[in-house]
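Remarks on the structure that follows.
Derivation of every value follows stated rules applied to the coordinates shown; laboratory data play no part. Just so it is clear, the model here is predicted, and its values are computed rather than measured. Quick reminder, even Gly has a Cβ in these numbers, built from the backbone with ideal geometry, and neighbours come from all protein chains shown.
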Amino acid sequence: EALGPEGEMHLSSSTLIHLTLLSICRRNTLHEFKKSAKTTLIKEDPLLKIKTKKMNAADQCANRCIRNKGLPFTCKAFVFDKARKRCLWFPFNSMSSGVKKGFGHEFDLYENKDYIRNCIIGKGGSYKGTVSITKSGIKCQPWNSMIPHEHSYRGKDLQENYCRNPRGEEGGPWCFTSNPEVRYEVCDIPQCSEGK
């Protein structure tokens with residue numbers, strides 16, 4: 001940065017690039033979330049955890065949620081309380097059991113699109129939805145179970161018995177099945193149209 005002859009500020013090209021990248025990163029973080037204005041989440045299950053902290057803006061909450069920074073769980077959604085300038089981060093979303101939506105002018109709910117999408121992008125490696133039935137209608141085996149099929153798949157995104165594509169293979173999300181005769185099968189999850 002330098003001052004010109006009239007006292008005006010001149011920014012170097014590297015500073016302009018940095019500022020442009022900052023604005024792109026900030027803008028894109030909120031694009032990872034579906035916003036529901038005047039909405040909050042109410043947990044009916046007392047075992048569900050939340051984390052809260054004062055923050056000035058929703059994009060700050062979003063950045064922390066996306067990176068799971070300082071959170072003892074995987075962040076699936078957050079509420080920004082505009083009146084109190086406070087973030088509430090959740091390891092659940094509006095589709096989770098033990099949770100219901102609430103109304104309040106001061107609240108905006110942001111749900112990570114990866115966890116509420118009912119479609120896949122590409123091979124479905126980022127799919128985190130709740131489909132748990134294979135293409136032929138067989139219920140999926142829970143990932144933490146070795147019955148009826150033993151396997152070596154582990155990972156925080158391998159939850160419940162949801163269809164996943166942990167190694168980004170062709171064919172899309174799949175699961176081990178609850179049928180001892182069928183080890184694994186792909187799930188019938190449609191491709192997302194552009195803009196979802």
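Counting Lys and Arg as +1 and Asp and Glu as -1, what is the net charge of the other residues whose Cβ lies under 9 Å from the Cβ of G104? Net charge in that neighbourhood comes out at -1.
Around the Cα centre of region 33-116, unit charges on the Cβ atoms of Lys, Arg, Asp and Glu (plus for the first two, minus for the last two) sum to a dipole of about 280 debye. Quick one: which of K35/K113; K101/K123; K34/K135; K51/K101; K43/K69 span more than 20 angstrom between C-alpha atoms? In this structure, K101/K123; K34/K135; K43/K69 lie more than 20 Å apart at Cα. Annotation for R67 and K54: the two label points, set 7 Å from Cα along the Cα-Cβ direction, are 2.1 nm apart. Residues whose amide H comes within less than 5 Å of that of G104, counting only those at least five positions distant or on another chain, are T39, T40 (H built at 1.01 Å from N in the peptide plane).
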